1. Spelling out what I want: for every residue of the range 150-160, take phi, set θ = phi - 60°, compute 6.51 cos²θ - 1.76 cosθ + 1.60 (Karplus), and round to whole Hz; glycine and proline get x.
2. Please report the base-10 log of the normalised intensity I(q)/I(0) for the range 148-224, using a Debye sum with one equal scatterer per alpha carbon and no solvent, at each q in 0.11, 0.14, 0.27 (1/Å).
3. Suppose R0 equals 60 Å; then what is the FRET efficiency for T344 and R163 from their Cβ-Cβ distance, rounded to the nearest 0.05?
4. Cα atoms only: what Rg and Dmax, in Å, come out for the range 229-273?
5. How much space per residue, in cubic angstrom, does the convex hull of the C-alpha atoms of the range 104-237 take up?
6. Can you list the residues, at least 5 places off or on another chain, whose amide H is less than 5 Å from the amide H of S233, using H built in the peptide plane?
7. If you wrap a convex hull around the alpha carbons of the range 318-361, what volume per residue comes out, as a whole number of Å³?
8. I'd like the distance between the alpha-carbon centres of the range 213-244 and the range 308-350, rounded to an integer number of Å.
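Each reported figure results from applying straightforward, stated rules to the coordinates on display, with no laboratory input. These figures come from a predicted structure and were not determined experimentally. We place every Cβ from the backbone using ideal geometry, glycine too, and count neighbours over all the protein chains shown.
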Amino acid sequence: MSSLPSIHQHKNRASRSPAKQSRGNYSQERSNVTPVQTASRRPMRFMTQHEKEIMKAEEIKQSQPFMNKFETSHYRNSYIHNICVKMLKEGFHKSFDELFSLNSRRNQERLEAGPDSIIWEEQPLEEQHRKLDEICKYLTNAEYAARLGKWDDVYACRHALARYFLENEDFWLSDHFFQTALDVSLNIKLDGRRRESEAHCHMGLACERRGEIEEACRHMLEFYQLTMGRLWSDEDDTNLHHISCRHMCRIYLTLARQATDKAESLRHLHKAFDVSKEGEDKLQQAGIAYELGRDYEAARDSETAIKCLEQSLSIATEFNDNELIGKACEALAKSHQTIGGVATSLRFLEMFAENSKHSGRKLDLVDARSCLGTIYNSMGEYDPSIRHFTDSYDVMQEITNDADPDSSDGDRSKLQECALQLGVAKGNQMLDLFAGNMEIPERQMMERIIDWKDMRANQFGDPLPKPSTPPVVEPEKIPDPTEPFRADSSDVQT
């Protein structure tokens with residue numbers, strides 16, 4: 001019976017490096033192995049892919065730091081969820097409620113609008129981390145200031161949020177915070193209601209952006225009344241009352257344009273004109289005077305229209321507003337033509353054309369020349385009519401050649417209209433000469449007309465040939481036998 005090898009001997013053999021073992025020693029040791037020793041060895045087993053993945057995951061888990069339950073939830077939850085949890089932990093429950101309500105309401109509006117709406121294309125608030133940070137920062141500060149009764153700071157925080165979102169064109173958020181700023185401004189008592197007036201101004205502008213002109217007018221009227229007689233100024237050192245007048249003037253003008261009744265439109269325009277005088281904006285006053293003149297002309301009150309338009313032209317000339325000068329001259333020409341002042345109308349149209357030419361407004365120059373040509377054509381003065389129509393056609397041809405091919409359909413139509421007007425004027429100029437040639441029944445006149453029909457050769461202005469008159473042939477005188485014979489004087493002398 002063979003005995004097992006000693007433990008120390010086996011240990012020494014196993015500890016030897018394979019690099020130091022020679023081929024002979026290896027064969028010798030293998031020959032000394034007993035059958036019992038060979039039977040105790042187990043075959044090598046390879047790891048499966050699943051076991052490798054488990055080992056790899058275990059190594060990654062051991063390399064990561066330990067995370068408690070809070071850290072795990074912070075990692076798994078969304079950014080807005082973590083911000084809401086932070087607000088609640090710090091005790092700002094109203095801020096949490098406002099942020100959560102804003103996000104939920106917008107998501108609901110987005111779902112109701114559907115995939116084809118503009119709201120669907122905007123990025124959700126919960127995915128805009130920077131904006132969420134700004135909301136969290138200012139809302140918590142505002143809530144903390146409200147607990148201390150510092151309503152000025154509350155208003156400043158909400159106003160800052162509204163301005164921030166207004167600059168980023170997130171109007172639904174800016175409108176919300178402007179509204180809350182107005183609500184907070186009612187609690188401020190020691191500023192003479194200045195912040196309330198500013199809040200009404202911002203809300204009026206917000207309503208105007210949304211198209212709610214009546215509501216915008218109500219807020220602007222509050223702003224106007226609160227700033228009346230005050231010396232308040234903004235950061236640009238502009239009086240707030242003047243700002244309110246300019247806003248009111250613009251809103252009244254919008255109401256006038258939306259009015260369906262002419263009397264209502266004139267009423268809004270008169271309010272705008274009166275307010276524009278308080279605003280000390282002369283160009284705005286000139287613009288309202290121009291609108292008043294147009295409305296009075298539409299109401300067939302040309303005398304009043306001329307007064308308003310002359311006032312507009314005077315102010316526009318004082319401030320060198322070429323666009324308003326041209327519009328006022330064109331309107332004055334139409335009003336004077338309505339009451340029969342053709343000479344005055346032509347003078348204003350010439351002024352309109354010169355102003356458009358110097359200011360480089362080519363389309364206005366085309367309109368002015370076309371109007372002049374039309375008036376001269378109706379008066380029977382075809383030479384100046386053709387001159388103005390030719391200028392109009394040439395300028396319109398320049399515009400068409402310089403225009404973008406994708407947007408020149410209207411320009412081509414205008415060019416065809418100018419060509420048609422020029423052709424009509426030339427035809428009217430030729431009409432009298434053509435009629436004169438037709439009245440002469442001679443072959444030469446017929447040849448002229450045929451040449452004009454064939455080659456458009458205009459020979460009608462050439463001198464007309466004088467009709468040839470045949471000489472009068474006196475009949476031969478037959479002597480009357482009953483008359484006594486009278487000898488010639490020559491015969492008597494001889």
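1. 8, 6, 4, 5, 4, 4, 4, 5, 6, 5, 5
2. -0.26, -0.41, -1.23
3. On the way: r = 52 Å, r/R0 = 0.87.
Here the calculated transfer efficiency is 0.70.
4. Rg and Dmax of the range 229-273, Cα atoms, are 13.5, 40 Å.
5. Working: hull volume 16.8 nm³, N = 134.
Roughly 125 Å³ of hull volume per residue.
6. Placed amide hydrogens put L240 under 5 Å from S233.
7. Convex hull of Cα atoms, per residue: 58 Å³.
8. 33
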